[in-house]
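Step one of this worksheet: look at the structure below.
The values are calculated or read from the model by the stated rules, or taken from the named source; none is laboratory data. Source: prediction; values computed, not measured. FYI the Cβ positions are ideal-geometry reconstructions off the backbone, even for glycines, and counts take in every protein chain you see. Remember, those area values only see protein heavy atoms, side chains included, never the ligands or the DNA or RNA. Shrake-Rupley method; radii C 1.70, N 1.55, O 1.52, S 1.80 Å.
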Amino acid sequence: MVEQPAHTRYVASSILASAIASEPVMLPNRVALAISLHRIFEPGERVVIAVSGGPDSLALLSVLREIAPVLPLHLTVAHFDHGWRADSVADRDFVAELSAKWGYDFHTARAAADTPHNENAARTARYAFLRDTATASKSTAIALGHSQDDQVETLLLHLLRGSGSRGLSAMRRRDGDLARPMLDIPRRDIEAYLARLHLLPRRDPTNDDPRFTRNRLRQQVLPAIDAFDAAARELLARTADILGEEDRFLEQQVAGLPSGLAHDREAFAKLPPAIQRRVVRQLVPDAGFLEVEAMRRATGFNPVGTDQPASSPPASPSAHIAVTTCTCDPASFKARDQVGHLDADLVRLPLEVATRKPGDRMRPLGLSQPKRLQDILVDAHVPRHLRDNLPVVSDREEIVWIPGVTVAENKRVTAATRRQLHLEIERR
């Protein structure tokens, strides 16, 4: 599915949607408009609707049912029971009865008993079931009930995790087989729509459980943002939309590059850093930021797992350390930060940047005795192919900092520290 350019969508949606946004009962019109503007579905498409029984998915099912006369779709209802609650079977029965009442095929499954009770595992199991249902029903789309509030939460979560433009573009209205026709609808309008039709959704208490990161953000961060600007959620959702357009543009740029370019050192070095990172992630999809940066800056870039012949480990990129004094708040420090902070009165200058050598040892933060550098890097989950290239910073006495890994216990900033050194690695 190809969406219209952002500026075209904003003008059209702001003119048409503003005329009907004040009436929750007109929510189906707004969803139909979004489907048309963004080409989320094709008429007659076979669609699996993921219905938990909660407000968002219940509203989605009702809306697609209402707009069927103008947008005919072949709908199949799917419900996945994670088995986290003793009464979750009641959710399944609620969705099954509603599906039968409205005349839709119903598919359900329950998570395996050994599925871990965390958000990632639950999502993986749920999407696997939905795609199995799509295959069984010959559907080409899976409709999800994500709202504008979900989009904002996703954007903020990714921002706090340090994501790049792909993560900050958050969710797309149509992303392969996944469709989100209510991504422009605030949750308050969904609740008003259900109340107007006297549809009573199921309420999952785990959505209020502060052990889950998204719930804490919803309960603590978003109210503060709302107090700052009542229009903040709408503006943040718009930001995600704009970033999505830019992300798609970068994807197109990478898709047009010659194959094997990552292994042409001279050609790869001429690419802008934003494109270099995309090329690396295309070849090593699970690489974290540190891995991506090390691989794109390394001479002789040769990502593990590609079909290129293996070569010797790349030499360390030329680097030096920038040292300044600062009065930073120690409460904000993390051992694995990309900047280092040390007690200036304990460090024995000058500082030098090198790479690890056989037998290197260091007393890392929190330990009472030195430890082999090899073991420190293994414990920090630094990939094997990056260890020989990692900068190691030493003063005249010992290793004091490994960027992104740890600082020396002997030189750390404490409550007694009077002067701090702020360290950053710079590439020549």
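Points worth noting:
- Overall form of segment 327-428 per C-alpha gyration tensor (a/c, 1.5; a/b vs b/c): prolate
- Placed amide H near THR76: partners under 5 Å, 5+ positions off or other chain: VAL47, VAL48, ILE49
- Cα gyration tensor shape for the chain, rounded if a/c is under 1.5, else prolate or oblate: prolate
- Beta bridges per DSSP with both ends in the chain, % antiparallel, nearest 5: 60
- Signed unit charges on C-beta, dipole axis of the chain, positive-most listed residue ALA237, LEU197, LEU33: ALA237
- Reachable lysines, given that their alpha-carbon falls under 29 Å from the alpha-carbon of LYS371 and they are not under 8 places away in the same chain: LYS334, LYS357, LYS411
- Label-point separation, HIS74 to ALA380 (7 Å along Cα→Cβ), nm: 5.5
- Heavy-atom accessible area ranking, 1.4 Å probe, most first, across VAL221, VAL254: VAL221, VAL254
- Choice from ALA415, ALA34, ALA141 showing the highest fluctuation, given a GNM over the chain with Cα pairs closer than 10 Å: ALA415
- Note on the chain: GNM, Cα springs under 10 Å; of GLN151, GLN276, GLN220, the largest mean-square fluctuation is that of GLN220.
- Isotropically averaged projected area of segment 21-103, using the convex hull of Cα atoms (one quarter of hull area), nm²: 6.2
- Proximal aspartates and glutamates to LYS101, defined as alpha-carbon separation beneath 13 angstrom and excluding residues fewer than eight positions away on the same chain: ASP93
- Spin-label model, ASP388 to ARG131: label points 7 Å out along the Cα-to-beta-carbon direction sit 3.6 nm apart.
- Magnitude of the charge dipole for segment 162-235, about its Cα centre and with charges confined to Cβ atoms of Lys, Arg (+1) and Asp, Glu (-1), is about 200 debye.
- Available extension along the chain between GLN369 and PHE212 is 52.9 nm, counting 0.36 nm per residue and deducting the alpha carbon span.
- Residue-averaged 222 nm ellipticity for the chain, from DSSP H runs of 4+ at -39500 (n - 2.57), nearest 500: -12000 deg cm²/dmol
- Farthest toward the positive end of the dipole of segment 326-428, out of VAL347, LEU421, VAL382, is the Cα of VAL382, where the dipole comes from beta carbon charges about the Cα centre.
- Assigned charges on the beta-carbon of Lys, Arg, Asp, Glu; segment 55-107 dipole about Cα centre (debye): 120
- Modelled spin labels at CYS326 and ARG110, positioned 7 Å past Cα toward Cβ, are 5.3 nm from each other.
- Size of electric dipole in the chain: Cβ of Lys, Arg +1 and of Asp, Glu -1, about Cα centre, debye, nearest 20: 760
- Available extension along the chain between LEU200 and ARG188 is 2.8 nm, counting 0.36 nm per residue and deducting the alpha carbon span.
- Full extension of the chain between ILE242 and ALA224 gives 4.1 nm of extra length, using 0.36 nm per residue less the Cα-Cα distance.
- Extreme residue, positive dipole direction of segment 119-254, given options PHE228, ALA128, ALA179 (C-beta unit charges): ALA128
- Zone of ARG65's modelled label, taken as backbone nitrogen in segment 102-123 under 16 Å from a point 7 Å along Cα→Cβ: 102-107
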